[in-house]
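Here the structure is laid out as structure tokens; the discussion comes afterwards.
What follows is calculated from the coordinates using simple rules that are stated; it is not laboratory data. This structure is a prediction, so every number in the text was calculated from the model and none was measured. Cβ atoms come from the backbone with ideal geometry, glycine included; neighbour counts cover every protein chain shown.
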Amino acid sequence: MKRLLQVLEPLFWMLFGLGGVAAALLLPALFFCLAIAAPLGWISPEAVSFHRMYALASNPLGRLVLALVPSLVFWHAANHLRHFALDLGLGAVDIPLAYALYGLALLGTLASFAGAAAL
Amino acid sequence: MSETPLTRTAPARPPDGFWVWHPRYRSYVLFAGTGLLLAIAAALVVRAVRVLGEGAAAWQAYLEGLAGPAAALNALVFVGVVWFALRFLRVGIKALSVPIGPLPALPQPLLWAVQVGGLVVMNLLIALIMFGVIL
């Protein structure tokens, strides 16, 4: 089990880097609009109407962004949390924790792509 | 093959006491901890996309559901995401301000301008689209 993690380590760090860039460049505005501004009515009802949002999200570029950004952020978060646990002295549970975190990132990736594909 | 370094260095050692009392460690470790906030933010984006796929009534219920106390929690997550973005730029600037192969090191002010400019432009672009100013 440890051997597989070691083999995949470069892939995890690549996804970590890509996810960090996605999280810094795209996530703040996306999260602010979808989780704060739209629900609180700071954006006009026409702008966040179902038909406009569906049209934005369901075009090919929208689907690609909405599938890739959360997926990459999940992988970034998984790798970051794994090393957060190591910083806190939880090295003894590194292997099972790594499998759990990367497994959740994989599930998040599948959910992101399934959600974008279902539009 | 390794060469003996010219500069003598002290062996690495952990800080005395708990990391919280050391500002440099605190910032570093809290930065790693933002992974949890990023995962929450990404999960909410996924949920919004899935709700859009369920129809207009589900989308309206989603907006109304987040208008209550959840907005305060989301505001906290948003602060964490923004702090992560700014802290991540610092890491990026450090990582890129060294010579890479035959390429010379880029000046730090240029790296700052490119990275901060990219962050502002991309987030502004998304906000303008979402607010209905463009598209």
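I need the GluC sites (Glu not before Pro) found in segment B:3-85, filtered to DSSP loop residues with at most 11 other beta carbons within 10 Å of theirs.
B:E3
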Give me a comma-separated list of calculated 3J(HN,Hα) values for segment A:77-89, in order, Karplus coefficients 6.51, -1.76, 1.60 applied at θ = phi - 60°, integers in Hz, x for any Gly or Pro.
4, 4, 5, 5, 5, 4, 6, 4, 5, 5, 4, 7, x
Compute from the Cα atoms of the protein assembly as shown the Rg and the Dmax, the latter being the longest Cα-Cα distance, and quote both in angstrom.
20.4, 69
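For segment A:46-119, compute Rh as the Kirkwood radius over C-alpha pairs and then the Stokes-Einstein diffusion coefficient at 20 °C and 1.002 mPa s; write the answer in µm²/s, rounded to an integer. Write out the running numbers ahead of the final one.
On the way: Rh = 13.8 Å.
It comes out at roughly 155 µm²/s.
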Computed over the Cα atoms, what is the radius of gyration of segment A:1-72 divided by 2.2 N^0.38 Å, N being its residue count?
1.49
Can you pull the mean other chain C-beta count within 10 Å for peptide A:35-45?
6
Would you give the gap between the C-alpha center of segment A:81-103 and the C-alpha center of segment B:105-134, rounded to a whole Å?
33
Tell me, in nm to one decimal, what length is gained between B:W21 and B:Q60 on full extension, where the rule is 0.36 nm per residue of separation less the Cα-Cα distance?
9.4 nm
Which value at 222 nm does the protein assembly as shown reach when only helices count, each DSSP H run of 4 or more adding -39,500 (n - 2.57), with the total divided by all residues and rounded to the nearest 500 deg cm²/dmol?
-24500 deg cm²/dmol
Taking the Cα centre of each part, how many Å lie between segment B:27-67 and segment A:20-56?
11
